[in-house]
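Read through the structure below, which is laid out as structure tokens, and then see the notes.
The values are calculated or read from the model by the stated rules, or taken from the named source; none is laboratory data. Because the structure is a prediction, the values reported are computed rather than measured. When we count neighbours, we look across all protein chains shown, and the Cβ atoms used for this are built from the backbone with ideal geometry, even at glycine. Each accessible area value is taken on the protein alone, full model and side chains, heavy atoms only, with ligands, DNA and RNA left out. Shrake-Rupley method; radii C 1.70, N 1.55, O 1.52, S 1.80 Å.
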Amino acid sequence: MAFDPLEGAEDARGKPLWQRAAWMAAIWLGSVAVLGAVAYALRLWLV
Amino acid sequence: MNDEAVSTCGSCKQRHAWCETYIPITARFGYSRVMFDQADALLLARIQFAFTVSFHFIFPAFSIGLASYLAVLEGLWLKTGKPLYKDLFKYWLKIFAIAFAMGVVSGIVMSYQFGTNWSVFSDITGPILGPLMAYEVLTAFFLEAGFLGVMLFGMNRVGKGLHFFATIMVAVGTFISAFWILSVNSWMHTPVGWSVGQTGQLLPEASWLEIIFNPSFPYRLVHTVIAAYLTTAFVVGGVGAWHLLKDRTNSHARKMFSMAMWMAAIVAPIQIFAGDMHGLNTMEHQPQKVMAMEGHYQSHPYGAPLYLFGIPNDEEQRLDYAIGIPKLSSLILKHELDAPLAGLDTIPDADQPPVLPVFFAFRIMVGIGFAMLGIGAWSLFARYRKRLYDWPWLHRAALVMGPSGFVAVIAGWITTEVGRQPFTVYGVLRTAQSASPLDAPAVAASLIAFVLIYFAVFGAGTWYIVRLMSHSPHLGEKGVKRSETGPVRTAGITPGPTQNPGHDPDALPHDRKEAVDGV
């Protein structure tokens, strides 16, 4: 499957703002958690 | 110089003017003796930091500018609806994601290294630098990394508006991140607003604003952020030029080349001006760094020459094989031909930076800056003649200059950091008194591990970025015409034979030649 970050905007059209904002918060939280996991793994390796 | 302080300083055995500060600090830890007994461990720790920071600096120098470029591209796409901007956004987003990931991971390693190899520095400066570095890390986590996920995977969930908001947050996050880390770095060059506590730590005085906006910070922030924008502009311009050399009708390559050359033409002169201001600020606060940059071992009471070339000889305290322009350095630094300029002969030996790396790194940085200015001017002339996309020598020059920004920022980094030596906090804390009390084999082992892993991981990442850049900006745009003069498909779900004659009908041709010739 091709990586296409700007496709699918029409999927979100018409959905209420709270639902889209909730998705943004969830993806944001997941991204921060991934970086947190990477940072912790590095800490285990280095310290 | 306080002679009494010098004669009573049994801790570090060196002449300096800040013994009253050093003695309580070093006596508290009892490390200075250990440091001098373990000079090899100190050297290895310095090599390790130089290695890891040089690797790290490459990635934010690219991602700071690229994040803003992506925000501009997405904004233009939303405003104009032109698919060209959307294609360019998609093309550079993949590259940004990889560069950003490598920048964040190598940055985390840097943070940990303050604790492993530079624990005395961290302990002494922690009350001041700790909060500022924490803000930098929080920004990297919660603005840059968090919203990058939305940028990459969120369009079909959050819609165009919130997606654009996320892109802007990433761009703003890279700038705020740079703001905090450069404030930290600048304070190490021009420490203000501190006092020595009873524990020997450096403590903040009344004003945090004085610490954050320390005297060299505004100049360093402007000079470094502009350097990052120029670095990105020349990478984008180099990639655009590469594809123009293959196909000058490629509209995507034309657009990215044109945008990059506007940046070069407008920002390169501003950067030279900002660099000059930064240099004048450095002369005011760190004169020995400027003496090293200029190769001025001797004072010049009646106007100092600008040395274009020479071989610094620290042992003899002279510049061998020097080629210089009389009085020009005085004119640049003091705006007067006969203005006196002090040399390193006015600085105690123990407080002098190593001149050779500073002298050459400064010339490399300045040389690249003027080359960037030349490319910008050349592009303006080509644009005026309406030949911006038609002059292959301009494209070749832009291609060669593509990675020049990275060389310039590393050279600039060497100039300013080596120029601060032998201090980590200028005039307050020596490098030899900042390192952890580690044995040389321990530091050597981690250094070898860093070298192996960095070259493997970041080498692979960089190779993949270059591979992505080598593909035409049309990559992944199935069903979209491949250039202004290419075939236009109006129906069907598979590529027509004119787009990919004699090949897998599900695969698009890689370039215009393949599309036309089928080879």
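Of the residues B:107, B:161, only one is free of Cβ contacts under 8 Å to residues at least 12 places away in the same chain and either among the hydrophobic types (A, V, I, L, M, F, W, C) or part of a helix (DSSP H, G or I) (or both); which?
On the way: B:107 fails: free of Cβ contacts under 8 Å to residues at least 12 places away in the same chain.
It is B:161.
Identify the residue in region B:30-50 that is of a type in the set (A, V, I, L, M, F, W, C), modelled with pLDDT of 55 or more and more than 11 Å from residue B:440 (Cα to Cα) and, among all such residues, is most open to solvent (accessible area, probe 1.4 Å). Walk me through it before giving the result.
To start, the set of residues in region B:30-50 that are of a type in the set (A, V, I, L, M, F, W, C) comprises B:34-36, B:39, B:41-45, B:47, B:49-50.
Imposing the further condition that a residue be modelled with pLDDT of 55 or more reduces the set to B:39, B:41-45, B:47, B:49-50.
Then keep just the ones that are more than 11 Å from residue B:440 (Cα to Cα); that gives B:47, B:49-50.
Numbers: B:47: 80, B:49: 51, B:50: 51 Å².
Filtering first and then ranking leaves B:47.
Taking interchain pairs and intrachain pairs at least six residues apart, which have beta carbon atoms under 8 angstrom, with the first residue in region B:171-190 and outside the structural domain of residue B:65 (by TED's automatic domain parsing) and the second at pLDDT 95 or above?
Pairs that qualify, where the first residue is outside the structural domain of residue B:65 (by TED's automatic domain parsing) and the partner is at pLDDT 95 or above: there are none.
Quick check, is residue B:422 away from chain A (no Cβ under 14 Å) and in contact with an Asp or Glu (Cβ under 8 Å, 6 or more places away or on another chain)? Please lay out each step first, then the result.
Values: away from chain A (no Cβ under 14 Å): yes; in contact with an Asp or Glu (Cβ under 8 Å, 6 or more places away or on another chain): yes.
It is true that residue B:422 is away from chain A (no Cβ under 14 Å) and in contact with an Asp or Glu (Cβ under 8 Å, 6 or more places away or on another chain).
Which one of A:6, A:46, A:42 is within 30 Å of residue B:450 (Cα to Cα), at the interface with another protein chain (Cβ under 7 Å from one of its Cβ atoms) and modelled with pLDDT under 75? It would help to see each step written out before you state the result.
On the way: A:6 fails: within 30 Å of residue B:450 (Cα to Cα); A:42 fails: modelled with pLDDT under 75.
Matching residue, one of A:6, A:46, A:42: A:46.
Out of all the residues in region B:111-125, which are touching a helix residue (DSSP H, G or I) at 6+ places or on another chain (Cβ under 9 Å), touching a residue at least 60 places away in the same chain (Cβ under 8 Å) and more than 9 Å from chain A (Cβ to nearest Cβ)?
Answer for region B:111-125, where residues must be touching a helix residue (DSSP H, G or I) at 6+ places or on another chain (Cβ under 9 Å), touching a residue at least 60 places away in the same chain (Cβ under 8 Å) and more than 9 Å from chain A (Cβ to nearest Cβ): B:117, B:118, B:120, B:121, B:123, B:124, B:125.
How many of the residues making up region B:91-141 are open to solvent by 20 Å² or more (accessible area, probe 1.4 Å) and over 30 Å from residue B:256 (Cα atoms)?
18
If I filter region B:146-177 down to residues being open to solvent by less than 10 Å² (accessible area, probe 1.4 Å) and of a type in the set (A, V, I, L, M), which single residue comes out as nearest to the chain's Cα centre (by Cα)?
The residue in question is B:170.
Could you please find all residues in region B:234-253 being hydroxyl-bearing (Ser, Thr, Tyr) and in contact with a Leu (Cβ under 9 Å, 6 or more places away or on another chain)? Talk me through it step by step, then tell me what you get.
First pass over region B:234-253, keeping only residues hydroxyl-bearing (Ser, Thr, Tyr): B:249, B:251.
Of everything in region B:234-253, just one residue is hydroxyl-bearing (Ser, Thr, Tyr) and in contact with a Leu (Cβ under 9 Å, 6 or more places away or on another chain), namely B:251.
Being at pLDDT 90 or above, touching a His at 6+ places or on another chain (Cβ under 7 Å) and not small (Gly, Ala, Ser) is the requirement here; does residue B:129 meet it?
no
Please go through region A:11-39 and pick out each residue that is facing chain B (nearest Cβ under 8 Å) and loosely packed, with under 12 Cβ neighbours inside 10 Å.
So the first thing to find is which residues in region A:11-39 are facing chain B (nearest Cβ under 8 Å), and the list is A:11-13, A:15, A:20-21, A:23-24, A:27-32, A:34-36, A:38-39.
Within region A:11-39, A:13 is the sole residue that qualifies.
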